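Engineer: Here's a structure for you.
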Amino acid sequence: MTETSVADGFSWSRHEGVVTVRLTREAQHNRIDPADIAGLREAIANASSDAASIALVVTGTGPATFSSGYTLSALAAGNIDDSFESLLNELEACPLPTICALNGSVYGGATDLALCCDTRIGVEGSRMFMPAARIGLHYYPDGMRRYVRELGATQAKRLFLTGIAIDAPEMLRIGFLTDLVAADQLTTRTAEYIDALRACEPNVVRSMKRQLNAIAAGDPSALTNRIAYEASLQSPTIAERIKRRRS
């Protein structure tokens, strides 16, 4: 069964346990407008609360740009709040495995959106840059935290403080991308990740993501917490899956 919802700047669908959010303002480089925030948050919340969902995929429309991020007109007008930050924090906290399928280049706040996702698949010929300093914007703390966590302080400083653009091979080298493919292979590679997730025990995937995130955040208790590990050893699921692998 497929469920689909279409809004002005994005659509979201659910098919066989995969929720896909697609940015659809191709002519405006798939920018995100203030009016999109509530609907995008709702899509993430629906995916997060659905026990049958196995993954959340975020992608864009067209061959040129994944997204240029939050609309600059809202920044220029000065009528901006923390709603975009909250959206990205909720995406980062999504209990499902999240995949960002970057169909093209990525700029500004959309680079932070991509860093919220567990896996980032990019395409050859794309590039990225963070122009905050060039437009006089001191970036919000959670966005800088994600840059430092995912890329390290040296690369975060390089990208934030200079606003330089880097190409796809460099994006892969520094860890901004998990995977780099030809543009016509993006859908296939994303499907391969989804198939790999289908082969895993979803409750274990969720619990390991939660603990890995806690470890990455520096939570000392996450390094010694054995509850989920020991519970998995007692679960009938592990015996059943080992039996199937042996047969």
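The values are calculated or read from the model by the stated rules, or taken from the named source; none is laboratory data. Keep in mind the model is a prediction, meaning the values are calculated, not measured. Backbone-built Cβ (ideal geometry, glycine too); neighbour counts: all protein chains shown.
Engineer: Do we find that Y193 is farther than 26 Å from L102 by Cα and of a type in the set (F, W, Y) in this structure? Don't jump to the end; show me each part of the working.
Structural biologist: Values: farther than 26 Å from L102 by Cα: no; of a type in the set (F, W, Y): yes.
Against the criterion (farther than 26 Å from L102 by Cα and of a type in the set (F, W, Y)), Y193 does not qualify.
Matching residues to (1) at pLDDT below 95; (2) aliphatic (A, V, I, L, M); (3) within 15 Å of the chain's Cα centre (by Cα):
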{"position": "A64", "(1), (2), (3)": "no, yes, no"}
{"position": "A74", "(1), (2), (3)": "yes, yes, no"}
{"position": "L102", "(1), (2), (3)": "no, yes, yes"}
{"position": "G109", "(1), (2), (3)": "no, no, yes"}
{"position": "L115", "(1), (2), (3)": "no, yes, yes"}
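Engineer: Going by what's in this entry, would L177 be described as in a loop (DSSP other than H, G, I, E, B) and either out of contact with any Ser or Thr (no Cβ under 8 Å at 6 or more places or on another chain) or aliphatic (A, V, I, L, M) (or both)?
Structural biologist: Answer is yes for this residue.
Engineer: Let me ask something else about it. Could you list, ordered by first residue, the pairs with Cβ atoms under 7 Å in which the first is in the range 106-133 and closer than 20 Å to L186 by Cα and not assigned by TED's automatic domain parsing to the domain that holds N89 and the second is of a type outside the set (A, V, I, L, M, F, W, C) and buried (at least 24 other Cβ atoms within 10 Å of the Cβ), at least 6 apart or interchain?
Structural biologist: Filtered contacts from the range 106-133: no entries.
Engineer: Filter the helices (runs of 4 or more DSSP H) completely within the range 196-247 down to those with at least 2 residues that are surrounded by fewer than 10 Cβ atoms within 10 Å (Cβ to Cβ) and without any contact (Cβ under 8 Å) to a residue 24 or more places away in the chain.
Structural biologist: It comes to 227-234, 236-246.
Engineer: Restricting to the range 182-192, give me the number of residues that are within 17 Å of the chain's Cα centre (by Cα) and either under 15 Å from V106 (Cβ atoms) or surrounded by 15 or more Cβ atoms within 10 Å (Cβ to Cβ) (or both).
Structural biologist: Final tally of qualifying residues: 3.
Engineer: Right, something else. Listed residues G143, G109, G175; which is under 25 Å from L212 (Cα atoms), surrounded by fewer than 18 Cβ atoms within 10 Å (Cβ to Cβ) and among the small types (G, A, S)? Walk me through how you get there before you give the answer.
Structural biologist: On the way: G143 fails: surrounded by fewer than 18 Cβ atoms within 10 Å (Cβ to Cβ); G109 fails: surrounded by fewer than 18 Cβ atoms within 10 Å (Cβ to Cβ).
On inspection, the qualifying residue turns out to be G175.
Engineer: Let me ask something else. List the number of the failed condition for A27; all other conditions in (1) hydrophobic (A, V, I, L, M, F, W, C); (2) surrounded by 22 or more Cβ atoms within 10 Å (Cβ to Cβ); (3) outside any strand (DSSP E or B) hold.
Structural biologist: Only one criterion in (1) hydrophobic (A, V, I, L, M, F, W, C); (2) surrounded by 22 or more Cβ atoms within 10 Å (Cβ to Cβ); (3) outside any strand (DSSP E or B) is unmet by A27, namely (2).
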